[in-house]
Amino acid sequence: MVWQLDIIILTLVIISGIAAITIKDLLGASVLFGAYSFLMCLLWAIMGAVDVAFTEASVGAGVSTVLFVAAVFQTTRRSKD
Amino acid sequence: MTHQLPALIIIVPLMAALLITALSWINRKWCFTITCATFALSLAASVGVMIEVLENGVVSYRLGGWRPPIGIEFRIDHLNALVLLVIFSVALLNLFASRIKVQAHFPNKAGTFYALSVLFVTGLAGITITGDAFNLYVLLEITALTGYALIGMGQEHAPLAGLNYLIMGTIGASFYLLGVGFLYMMTGTLNMMELSKLLPELYDTRVVMFGFFLCLVGLFIKMALFPLHSWLPNAYTYMPTAASGLIASLTTKVMIYVMIRISLLVFTPAFSFGNAMLMTVLVWLAVIAIVAGSILALAQKSVTRMLTFIIIAEVGYMVGGFWLGNRDGVTGSILHIVNDAAMTLCLFLVAGSFRFRLDSDRFSELSGSFRHMPYTMIAFVVGALSIIGVPPTCGFFSKWYLIKGGLAAGSYHFVAALIFSSLINVILFFRIFEIGFFQTLPHGEPVSQAIPAARGIREAPRGMVISSLIAATSLIILGLSTNILVSRVIRFVF
Amino acid sequence: MMNDLITMIAAKYNYWAFIVLMMIGLYAMIVKKNLVKKIIGMNIFQTSIILFYISVGAKESATIPIIAHGHQEGVIQATAYINPLPHVLMLTAIVVSVATLGVALALAIRVYNQYRTLEEDDIQSQINQI
Amino acid sequence: MKTVAILTVCLCGSLFLFCTMEFPNWGDPAAPASMHLSPYFIQNAEKDAAVPNIVTAVLADYRGYDTMFETAVIFAAGLACFFLLRTFTRKRRNERLFRHIPTGIVLNIKAGGKIPDDPSKFERIDSHWTPNDLIIKTTCRLIIPSIQLFALYVIAHGHHSPGGGFQGGVILGASFILLAISTDLRSTVRRLSERTSAIMASAGVLIYAGTGLLCLLLGSVFLDYGALAPVLRSGSVMARSHGILIVEIGVGLAVMAVMIWLYYNISSAGKHDEGL
């Protein structure tokens, strides 16, 4: 386990998490959330939780993002905050 | 076969939920019958388990054949068996009352409704009997998810209320999960019995203390203790009447049961009741909950909404009674779980009948209801008397124990709050009685043309009336059998 | 002194990241008025808990919890493999979070169909107007 | 309000921070979590169930009851979405859109107009802009079968490598979602109807719970796959291994069906028309 890599990914995770909740466009927020999930999945792969990483890659970065995008298409992209 | 009973309690409803879903796409007729049979079977199984527990003490069932800390076990003691009985009886009664309402409100989705409510009950029963802290979380989420769906299909602002409940509920469940994680980190096990053996050495560490605290906060959110109650009134007001008896009377009670179980079984009473400051704070919180719930109930203008605030006050009763930390308080609290489930069921069934016949349950609409819906109103009166705490209804006896406990612990503020809320309840319900009994002549019209009759108000359908009357009778029976309950069952809890 | 600090940071930074993520999630759930933002916050909150559990299960100089082939004869050293239990628990937690997400989005779509907006304060003002 | 919320969040965070000081060190092999229960799993998973992937063994066998309810949770989510969103009443519109498949030209037929009578050349669509991109369609047509094959591999090979019923099921479901995105929802629903997916979802969980029940009926306790040995004609260890495979297939089926069901309902808000 390389701690430098770990810290870089942790920072990226936090940045994408903050970005996902601050961006005004909901479609962008969903996509950023997908990126967040994928970075999270990398983090777990680094920590040796391969099964969890696999699940997160397919569920968090895959299906969740699709569901988010689908819901945003059914509602609205605009957001005041 | 008797040793398989605990498993049957869970398997039967789970399989039934799946069957109902599949059948709702093939042949809808059977859904109701299967639901009925399921609840009856599970009720029978839980009666069997209760008898077993009364005879032989704690029943343990190893799932998958693994010994407890490795696998998951069911662990059923007196308290669990009691709560199980309550869950399935309430579910069965509510089912009879809800048949017509389901047909009226969800003509295309009746099967789905039954499947969701069976899953909801499965989750509650699973929470009750599991002996594994993490498994409890999974079942908590099953209950929660099906609950959100049932609430979200209600009228008016139900979707928004459901979404708010979902967000608050997820925070609560996640806090519980985090608390379990803290305990797991310090001990390495998830089994409740083993946790209670390993934890005493670690009681003075911050992490265990904080883990306990997190579990409690999570459960407080789920049970809507006063400052964290904001999701409850809207969710319970707008939810479909077909599900209200089930959700309103069971969710908060089972959460209080979980709190009792975590505090007494995972942690020892010596730890939970050893921290005087924690107990004082929690009793004060309960007092605030009782007072605030009662006062807010006064401000409401419809029966269901008033009942939701009464539920908040009742949660205060149970939490406060438990954290008094003496035998009478805990007994009163557990007795009140049973009694309050029955009372809430009775009153919500009646409110459901009002809404079914009058399309609304605002106080002003209820004028003349005693004349036109006599049997429903009998049930309503009995339920109201029980909430107020008039003997021989069961509400009196649990309040009696709570007050005795409060006096023994020297928590006079708690006793004062109990009496205050009883008085408020008198005002609340007699206001409705007055409207229902005397106001048959609005605007001075002759009796024959009084508004309710002109609107064609008549007694609610048979299923609803019978189940509310059974619920009302159970209040008196529970009251008269308090002694048996306390001496045969609750005595063993604490 | 300096060394102590570095070892402490090395031993705890994962837990700190978990706290930061949890705070982000909680903040989004409490403060944000947009319902989809709240749901995103809820998911971040849940993943932060998963991060916590996985960090609890981590073990230095150990490999992933799949028994290497050819290991069958010898004794399996528990220290050689990462603790699998938190992974199992978190698989369940991920499933629960996607299930919650589905229901939450369904409710959000219903809310939008009813009020034509996803902002909580706009909805509140609509409710108050009636 | 905002400041109060920020203060609460910060208070919560600092409480946690205060607690982390007493946490066992990260990655410490002697931490209680690694010392107490997990050595048993690591040392015995292969002996007990002949499954080298310890996570699979714990998931489907030692804590199989948890996983059964995990599948039930996902099933409940599908059911809940259907219950909340599905609308059966269609809005009557006085215009209908048909696309001429070979050319991609959209015909807008007003009320009373003649509907094109050759169904092989025309397809019904719901909005003027319904995606019909040849490149995307062809690519997805090529990719989807390989995705599905990979998903089946993931389900079947969960004993030896990361993966298992849940991951494989999600990937299978994702392949159908990809089909729905690349063409449109209507044609996907024609291939895999809602009824099929609902029945498949309950059948998946039923396989899991039914396996458990079978063990109970064969004289052991619920979910004790060892009891399946006489039925599967193998030793009790191999019976556990096969039992795990059976329940993983159930999980995969249920999860796939629910993912598709969720997507159908969310992407069309319960109307099941053109979708995304």
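The values are calculated or read from the model by the stated rules, or taken from the named source; none is laboratory data. Worth saying up front: this structure is predicted, and the values here are computed from it rather than measured. Note: ideal-geometry Cβ built from the backbone for every residue, glycine included; neighbour counts use all protein chains shown.
Checking the structure you have, find out if any residue of the range B:177-193 is touching a residue at least 60 places away in the same chain (Cβ under 8 Å), within 26 Å of residue B:91 (Cα to Cα) and facing another protein chain (nearest Cβ under 10 Å).
no
Filter the range D:40-68 for residues that are more than 8 Å from chain C (Cβ to nearest Cβ), more than 25 Å from residue D:206 (Cα to Cα) and not in a helix (DSSP H, G or I) and give the result.
Result: no residue meets the conditions.
Restricting to helices (runs of 4 or more DSSP H) lying wholly in the range B:182-281: which have 1 or more residues that are more than 27 Å from residue B:112 (Cβ to Cβ)?
By residue number, B:192-198, B:206-223, B:241-261, B:269-272.
Only one residue in B:32, B:39 is touching a residue at least 12 places away in the same chain (Cβ under 8 Å), in contact with a Lys or Arg (Cβ under 8 Å, 6 or more places away or on another chain) and assigned to a helix (DSSP H, G or I), so which one is that?
Selected residue: B:32, the only one of B:32, B:39 that is touching a residue at least 12 places away in the same chain (Cβ under 8 Å), in contact with a Lys or Arg (Cβ under 8 Å, 6 or more places away or on another chain) and assigned to a helix (DSSP H, G or I).
State which residue is nearest to the other protein chains (Cβ to nearest Cβ) when the search covers only the range D:82-107 and only residues that are modelled with pLDDT of 75 or more, under 27 Å from residue A:75 (Cβ atoms) and exposed (fewer than 15 other Cβ atoms within 10 Å of the Cβ).
Taking the candidates together, the pick is D:88.
Would you mind finding the one in A:13, A:59, A:72 that is facing chain D (nearest Cβ under 9 Å) and either on the phi > 0 side of the Ramachandran plot or in a helix (DSSP H, G or I) (or both)?
A:59
Only one residue in D:180, D:151, D:198 is touching a Ser or Thr at 6+ places or on another chain (Cβ under 7 Å) and under 30 Å from residue D:53 (Cβ atoms). Which one?
Going through D:180, D:151, D:198 in turn, the sole match is D:151.
When you look at residue D:19, is it in contact with a Phe, Trp or Tyr (Cβ under 6 Å, 6 or more places away or on another chain), farther than 23 Å from residue C:62 by Cα and at the interface with another protein chain (Cβ under 7 Å from one of its Cβ atoms), yes or no?
Judged against the criteria, residue D:19 is a match.
Check C:30, C:24, C:50 and return the single one that is assigned to a helix (DSSP H, G or I), within 19 Å of residue B:185 (Cα to Cα) and either more than 10 Å from chain D (Cβ to nearest Cβ) or not polar (S, T, N, Q) (or both).
None of the others qualify; the one that does is C:50.
Would you confirm whether or not the range D:58-65 contains a residue that is among the β-branched types (Val, Ile, Thr) and modelled with pLDDT of 85 or more?
yes
Using the structure shown, decide if residue D:234 is assigned to a loop (DSSP other than H, G, I, E, B), at the interface with chain B (Cβ under 9 Å from one of its Cβ atoms) and without any contact (Cβ under 8 Å) to a residue 60 or more places away in the chain.
No, not satisfied.
Among D:257, D:229, D:203, which is the only one that is buried (at least 22 other Cβ atoms within 10 Å of the Cβ) and small (Gly, Ala, Ser)?
None of the other options fit; the residue is D:257.
Name the residues in the range C:53-68 that are in a helix (DSSP H, G or I) and facing chain D (nearest Cβ under 10 Å), would you?
Within the range C:53-68, C:53, C:55, C:56, C:57 meet the criteria.
Name the residue that is farthest from residue B:233 (Cα to Cα), counting only residues in the range B:137-147 that are facing chain D (nearest Cβ under 7 Å) and not aliphatic (A, V, I, L, M).
B:141
Considering only residues that are at the interface with chain D (Cβ under 7 Å from one of its Cβ atoms), under 23 Å from residue C:40 (Cβ atoms) and among the polar types (S, T, N, Q), which ones fall in the range C:75-112?
The answer is C:92, and nothing else.
If I go through the range D:174-192 residue by residue, how many of them are in a helix (DSSP H, G or I) and more than 15 Å from residue A:70 (Cα to Cα)?
7
Name every residue in the range C:69-101 that is polar (S, T, N, Q), at pLDDT 85 or above and either assigned to a loop (DSSP other than H, G, I, E, B) or in contact with a Cys (Cβ under 7 Å, 6 or more places away or on another chain) (or both), in order of residue number.
C:83
Residue D:1 passes all but one of (1) farther than 30 Å from residue D:228 by Cβ; (2) without any contact (Cβ under 8 Å) to a residue 24 or more places away in the chain; (3) at the interface with another protein chain (Cβ under 7 Å from one of its Cβ atoms); which number fails?
Only one criterion in (1) farther than 30 Å from residue D:228 by Cβ; (2) without any contact (Cβ under 8 Å) to a residue 24 or more places away in the chain; (3) at the interface with another protein chain (Cβ under 7 Å from one of its Cβ atoms) is unmet by residue D:1, namely (3).
Considering only the range B:297-314, state which residues are touching a residue at least 40 places away in the same chain (Cβ under 8 Å) and hydrophobic (A, V, I, L, M, F, W, C).
B:297, B:298, B:303, B:306, B:307, B:309, B:310, B:311, B:312, B:313
Quick check, is residue C:111 more than 23 Å from the chain's Cα centre (by Cα) and touching a residue at least 24 places away in the same chain (Cβ under 8 Å)?
yes
Return the only residue of D:45, D:31 being touching a residue at least 12 places away in the same chain (Cβ under 8 Å) and either in contact with a helix residue (DSSP H, G or I) (Cβ under 9 Å, 6 or more places away or on another chain) or crowded, with 17+ Cβ neighbours inside 10 Å (or both).
D:45
Counting residues that are modelled with pLDDT of 85 or more and under 25 Å from the mean Cα position of the chain (by Cα), which helices (runs of 4 or more DSSP H) fully inside the range B:389-494 reach at least 3?
Counting at least 3 such residues, we get B:394-409, B:412-438, B:462-480.
Please work out which residue is farthest from residue A:64 (Cα to Cα), limiting yourself to the range A:28-52 and to residues that are within 12 Å of chain D (Cβ to nearest Cβ) and in a helix (DSSP H, G or I).
The selected residue is A:46.
Residue check: is residue D:269 part of a loop (DSSP other than H, G, I, E, B), touching a helix residue (DSSP H, G or I) at 6+ places or on another chain (Cβ under 7 Å), surrounded by 19 or more Cβ atoms within 10 Å (Cβ to Cβ) and not basic (Lys, Arg)?
Judged against the criteria, residue D:269 is a match.
Return the residue satisfying two criteria in turn: it lies in the range C:33-47 and is touching a Ser or Thr at 6+ places or on another chain (Cβ under 8 Å) and either in contact (Cβ under 8 Å) with a residue 40 or more places away in the chain or at the interface with chain D (Cβ under 8 Å from one of its Cβ atoms) (or both), and of such residues it is surrounded by the most Cβ atoms within 10 Å (Cβ to Cβ).
C:47
If we scan the range D:152-167, do we find a residue that is modelled with pLDDT of 90 or more and out of contact with any helix residue (DSSP H, G or I) (no Cβ under 9 Å at 6 or more places or on another chain)?
no
Has the range D:193-207 got at least one residue that is more than 22 Å from residue A:58 (Cα to Cα), under 20 Å from the mean Cα position of the chain (by Cα) and assigned to a loop (DSSP other than H, G, I, E, B)?
yes
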